[in-house]
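Step one of this worksheet: look at the structure below.
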Amino acid sequence: MQKRLVVCVLVLLLMAAIALSGCGKEEGLIKVRLSEVTRSVFYSPLYVAISLGYFEEEGLELEITTGQGADKVMTALLSGEADVGFMGPEASVYVYNQGQDNYAVNFAQLTTRDGSFLVAREPNPNFTWEDVRGKSIIGGRKGGMPLMTLEYVLKKNGLIPGEDVEVLTHIQFALMGGAFTGGEGDYVTLFEPVATALELEGAGYVVASVGEDSGEIPYTVFCARKSFMEENKEIIQKFTNAIYRGQLWVQQSTPEEIAEVIASSFPDADLEVLTKVAKRYKEINAWATTPVFTEESFNRLQEVMETAGELDKRAPYAELVTNEFAEKAMELVR
């Protein structure tokens with residue numbers, strides 16, 4: 001009996017030691033509050049980095065909120081509710097041009113083109129942009145990248161928004177799919193996996209990739225307030241290291257492998273849908289291969305903003321973009 005009691009005590013002590021060890025590891029992680037613009041397979045390298053534990057290995061614990069729009073993410077960032085914002089870099093241009101002192105600085109690029117797809121009510125394997133003439137498209141929020149890129153593509157194809165095609169801008173980003181299935185608009189631009197979900201329901205059909213037709217644009221990037229970045233360089237570096245590892249893994253992996261790894265970030269989507277979507281994004285080279293945000297890309301972004309009539313004055317690349325962390329990540333991560 002005494003021997004059995006000793007054994008039980010030893011087991012309990014061992015379990016307590018393991019529990020304390022686990023708590024210590026968790027407590028040792030630095031919490032980073034990340035506000036993402038939306039949840040989409042388009043951002044697979046981020047979810048890969050989360051799922052494979054790259055952030056934890058860098059000593060970071062992510063607390064993620066989904067803003068549903070770059071304007072809301074930027075608000076969270078500037079108010080101090082988020083440490084890092086993940087959205088289109090156009091938001092940082094607007095803030096800088098408004099004279100904000102503690103503006104957002106972009107430090108890592110994740111995607112290289114628009115990730116939305118044009119969805120029609122009927123299949124059209126021979127679709128051309130001329131097919132939208134005289135029709136209506138639910139296009140997103142005025143001043144946001146989805147709408148500006150769509151209008152950029154329309155103009156490239158000789159279609160003037162408001163004249164040759166009606167572009168609807170009054171519907172919130174998160175409600176666009178529901179508005180379309182509810183009967184509004186002839187077309188809608190949607191991110192994945194929402195576009196594929198509509199196809200499976202027979203409620204819509206992907207007929208074009210906005211990103212493929214727009215060309216390369218720095219569509220989504222990570223940014224932080226100038227003050228946070230200056231005071232937390234090590235955190236930004238560790239964050240960028242994890243993102244770059246996710247980018248490398250995605251480059252080397254198949255759509256099937258990507259779908260399996262990111263599945264935990266999309267509990268309501270089945271593996272077949274995630275695989276199909278990952279394949280779509282791979283085919284249009286949607287993901288940046290490194291976190292570097294080039295000046296050429298930044299200038300193209302501002303060209304798109306000017307074309308959309310949303311930019312009166314260009315913002316300086318040197319103030320709004322830093323590649324210090326991206327370049328160091330490429331040296332550190334092999």
Task: Subset of the stretch 188-228 (residues that are closer than 30 Å to residue 92 by Cα, among the hydrophobic types (A, V, I, L, M, F, W, C) and not in a loop (DSSP other than H, G, I, E, B)) - done: 188, 190, 194, 195, 208, 210, 221, 222, 223, 224, 228
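Here's a check for you: in the stretch 267-293, which residue that is outside any helix (DSSP H, G or I) and modelled with pLDDT under 95 is nearest to residue 45 (Cα to Cα)? Give the steps one after another, and end with the answer.
As a first pass, look at the stretch 267-293 and keep what is outside any helix (DSSP H, G or I): 267-270, 284-293.
Going one step further and asking which of them are modelled with pLDDT under 95, we end up with 267-270, 284-286.
Details: 267: 17, 268: 19, 269: 18, 270: 19, 284: 15, 285: 13, 286: 11 Å.
Step by step, filter the stretch 267-293, then rank; the result is 286.
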TODO: Quickly run through the stretch 160-185 and pick out the residues that are surrounded by fewer than 18 Cβ atoms within 10 Å (Cβ to Cβ), in contact with a strand residue (DSSP E or B) (Cβ under 8 Å, 6 or more places away or on another chain) and either in the same structural domain as residue 71 (by TED's automatic domain parsing) or in a loop (DSSP other than H, G, I, E, B) (or both).
DONE: 184
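Residue-wise test of (1) hydroxyl-bearing (Ser, Thr, Tyr); (2) surrounded by fewer than 21 Cβ atoms within 10 Å (Cβ to Cβ); (3) touching a residue at least 60 places away in the same chain (Cβ under 8 Å).
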site: 218; (1), (2), (3): no, no, yes
site: 226; (1), (2), (3): no, yes, yes
site: 252; (1), (2), (3): no, yes, no
site: 258; (1), (2), (3): no, no, yes
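Listed here are the residues, each with its yes/no results for (1) of a type in the set (Val, Ile, Thr); (2) within 24 Å of residue 154 (Cα to Cα).
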{"position": "278", "(1), (2)": "no, no"}
{"position": "285", "(1), (2)": "no, yes"}
{"position": "291", "(1), (2)": "no, no"}
{"position": "305", "(1), (2)": "no, yes"}
{"position": "318", "(1), (2)": "no, no"}
{"position": "329", "(1), (2)": "no, no"}
{"position": "333", "(1), (2)": "yes, no"}
Task: Scan of the stretch 120-150 for residues that are assigned to a helix (DSSP H, G or I) and either farther than 21 Å from residue 74 by Cβ or in the same structural domain as residue 72 (by TED's automatic domain parsing) (or both), ordered by number - done: 129, 130, 131, 132
- [ ] From (1) closer than 30 Å to residue 316 by Cβ; (2) at pLDDT 95 or above; (3) touching a Leu at 6+ places or on another chain (Cβ under 8 Å), pick out the condition that doesn't hold for residue 129.
- [x] (1)
TODO: Scan 199, 192, 231, 256 and give me the residue that is over 24 Å from residue 142 (Cβ atoms), acidic (Asp, Glu) and in contact with a Phe, Trp or Tyr (Cβ under 7 Å, 6 or more places away or on another chain).
DONE: 199
Task: Positions within the stretch 170-203 being in contact with a Leu (Cβ under 9 Å, 6 or more places away or on another chain) and at positive phi, in sequence order - done: 185
Open item on the list: Which pairs turn up if I take residues in the stretch 290-302 that are under 23 Å from residue 251 (Cα atoms) and look for partners that are in a loop (DSSP other than H, G, I, E, B) with beta carbon separation below 6 Å, at least 6 apart in sequence or on another chain?
Closed with: 292/323; 293/218; 297/218
TODO: Specify the residue that is surrounded by the fewest Cβ atoms within 10 Å (Cβ to Cβ); the eligible residues are those in the stretch 98-153 that are over 20 Å from residue 208 (Cα atoms) and small (Gly, Ala, Ser).
DONE: 99
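Among the listed residues 78, 60, identify the single one that is surrounded by fewer than 21 Cβ atoms within 10 Å (Cβ to Cβ), touching a residue at least 24 places away in the same chain (Cβ under 8 Å), in contact with a Phe, Trp or Tyr (Cβ under 8 Å, 6 or more places away or on another chain) and assigned by TED's automatic domain parsing to the domain that holds residue 236. Let's see the steps before the verdict.
On the way: 78 fails: in contact with a Phe, Trp or Tyr (Cβ under 8 Å, 6 or more places away or on another chain).
The match here is 60.
The values are calculated or read from the model by the stated rules, or taken from the named source; none is laboratory data. Small disclaimer: the values here were computed from a predicted structure and weren't measured. Glycine also receives a Cβ, built like all others from the backbone with ideal geometry; neighbour counts cover every protein chain displayed.
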